[in-house]
Amino acid sequence: MARPEAPVDFTVQELGELAEFLRSLRRTAGLTYAELAERSTYSAATLKRAATGKALPDVKVAFEYALGCQPHGQPISFTGRDFISRWEAAERAVAKAKKTARRSTVLPKPQLARDQADLSGALRDAWARAGRPSTRLVEKASHGQVPRSTANVIATAHTFPRDIRQYIAFLRACEIEGKALAPWFQAWFKVVGAPSAVQPALKAMGADTEAMATYVALYAQVTGEAVSVVEELARFAIENPERRAAQTRRVVRQNARGRQFHYSRTGRSERFTHSRPGPYEHLVALPGSPPVNDCSLDQAAAPSVWAARRWSN
């Protein structure tokens, strides 16, 4: 008699639900892992590991697990759609859990900063408390105001932001927004001094009107100037009517051989990338369905998930 499976690990709820879903498919099909392995390209041990709930299985392994549980010749429309939503939810939950595990418990205290070295250390603590985001994520969240190399030296307290705009962009990339920026503004005014104008700093705050109002009020308090919050925000809106992150347009083109080239274009750059359909696209495409021209594809996604998203959307 075979040894029963260990209980599913529900430490990450969505990951446990994916594992339980895979196990339910195998129980319904009445297959052993050895029989399931004969229907796929993976070993029984690999398939069994995919349904433990302890780690996120590779999307190809999990998909072949679900596919192998289907009777031969039977379409997998419902099962395929359900699998995709569950795997993506598990992927997001695992990423969130990893980020939470990296978060530091040290609370940054910019109000205690006496000089740039102290404030630089507070920035390092803010980065650690945000889960130590990668330099790539910091650059993306700051819309290029904090390049990767600069993000690295600021996060490790080896350098100080060159101006208040970079300072604010780095803090917002570390998930500090709104009124939570108030002690950071006060620390900058104390250590570096108030800038000569209000508007440059407002451009680094995006659409965070709460942070803008807080900054203008503190600026007026520190400098003693008669600065109106309403007037400054109205001036900012007039001078920046289309202030928003650069939008990327993606156009999918297909050549005579069926290859798809994704043409991405922003205000500053453009590039062509070649991508192939996922290995399971023919299994999840509905019969007779028209070709899909999806212009919102995530190029970082796994090919099989990309193919399934085209069908499920």
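For segment 40-56, taking the residues that are touching a residue at least 24 places away in the same chain (Cβ under 8 Å) and surrounded by 17 or more Cβ atoms within 10 Å (Cβ to Cβ), the one that is nearest to ARG92 (Cα to Cα) is identified as LEU56.
Going through (1) in a helix (DSSP H, G or I); (2) modelled with pLDDT of 85 or more; (3) buried (at least 18 other Cβ atoms within 10 Å of the Cβ); (4) out of contact with any Ser or Thr (no Cβ under 6 Å at 6 or more places or on another chain) one by one, GLU64 falls short only on (4). Residue count for segment 151-167, restricted to those that are closer than 15 Å to THR135 by Cα and open to solvent by 60 Å² or more (accessible area, probe 1.4 Å): 2. One residue stands out among those in segment 26-66 that are among the charged types (D, E, K, R) and under 20 Å from TRP87 (Cα atoms): the one that is farthest from the chain's Cα centre (by Cα), which is ARG27. State the number of residues belonging to segment 131-145 that are in contact with a helix residue (DSSP H, G or I) (Cβ under 6 Å, 6 or more places away or on another chain) and within 12 Å of CYS174 (Cα to Cα). Result for segment 131-145: 7.
The values are calculated or read from the model by the stated rules, or taken from the named source; none is laboratory data. Computed from a prediction, not measured in an experiment: that's the story for all the values here. When we count neighbours, we look across all protein chains shown, and the Cβ atoms used for this are built from the backbone with ideal geometry, even at glycine. We work out accessible area using only protein heavy atoms, side chains counted, and drop any ligands, DNA or RNA first. Shrake-Rupley method; radii C 1.70, N 1.55, O 1.52, S 1.80 Å.
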